[in-house]
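Structure first, then comments.
The values are calculated or read from the model by the stated rules, or taken from the named source; none is laboratory data. Predicted, not measured: the structure shown is a model, and the values here were computed from it. Cβ placement follows ideal geometry from the backbone for every residue including glycine, while neighbour counts extend to all protein chains displayed.
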Amino acid sequence: MVKIGILGCMGRMGQALTAAVGRTPSLSLLIGSERAGHPLIGKTSALHSLPITDQTDVVFSAADLVIDFTPPGNTALHAHLAASNGTKLLVGTTGLSGTDQAALDTAAKKIAVMQAGNYSVGVNVLASLVREAAARLDQDWDAEILEMHHRGKIDAPSGTALMLGDAVADGRGSSLSVLRTPMREGVTGERKPGSVGFASLRGGSVVGEHSTIFASGSETITLSHRAENRDLFADGAVRAACWLAERETGRYSMQDVLGL
């Protein structure tokens, strides 16, 4: 039985994760964390019988594997705590900095680390299809990525949109850092051939919608995914956690879990 800790356990995604872990026989929901001052600190959640602490280091010292979908800002610290305690780490936080990514790379030398912009099985299959399409369509096909999320999302483009951008770039034998076009506003001039553009929409309670559009002079291909609720992310993350529990060290993604 793998002992699981969940950071931000009482947030919207945290509650979906605790429910998904609770449904999984091979996983044991051990401990959760929340921000200092949360009314449940030092108590047990009646919903999942989960003890809750504001001491993140306690979670890492107690659990075999920690799931982290908290907002960006603390990922590098969490990577350090995971490596120091020998605790496997699954990260769903988006909007990570270069420092965060470097910290995850360093931690992966000591522990098993998984990080993905999206843990949905459907989105990861979509990314594989986008990569394949980009490899088969030349640069006369413009690539644009459109995403929409709820009004409370704080980063843009979304981690999933960037993952799809990486898939386009990979299919074209390049990197997103080379092909990415800044968000457009004002007089931007003509579109640069071969570039990858992004558009971000925010509003209401939209869980997540993503489309990759390939447009030539005479036709358009659109590959899309729409999330109906957060359960699909939680279920995918738990599937990934079960897979990660069997690894000792290394840096992994959802693509590895699905063999894509």
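Would you be able to say whether some residue in the stretch 138-147 is surrounded by 16 or more Cβ atoms within 10 Å (Cβ to Cβ), of a type in the set (S, T, N, Q) and out of contact with any strand residue (DSSP E or B) (no Cβ under 6 Å at 6 or more places or on another chain)?
Scanning the stretch 138-147, I find no residue that is surrounded by 16 or more Cβ atoms within 10 Å (Cβ to Cβ), of a type in the set (S, T, N, Q) and out of contact with any strand residue (DSSP E or B) (no Cβ under 6 Å at 6 or more places or on another chain), so the answer is no.
Can you tell me which residue among 132, 147 is part of a strand (DSSP E or B), of a type outside the set (Gly, Ala, Ser) and at negative phi?
147
Out of (1) surrounded by fewer than 15 Cβ atoms within 10 Å (Cβ to Cβ); (2) among the hydrophobic types (A, V, I, L, M, F, W, C); (3) in contact (Cβ under 8 Å) with a residue 60 or more places away in the chain, the odd one out for residue 1 is which?
(3)
Before we move on, is residue 33 modelled with pLDDT under 95, among the hydroxyl-bearing types (Ser, Thr, Tyr) and outside the structural domain of residue 155 (by TED's automatic domain parsing)?
Yes, satisfied.
Give the residue that is surrounded by the fewest Cβ atoms within 10 Å (Cβ to Cβ), with candidates limited to residues of the stretch 36-77 that are at pLDDT below 80 and hydroxyl-bearing (Ser, Thr, Tyr).
Per the criteria, the residue is 49.
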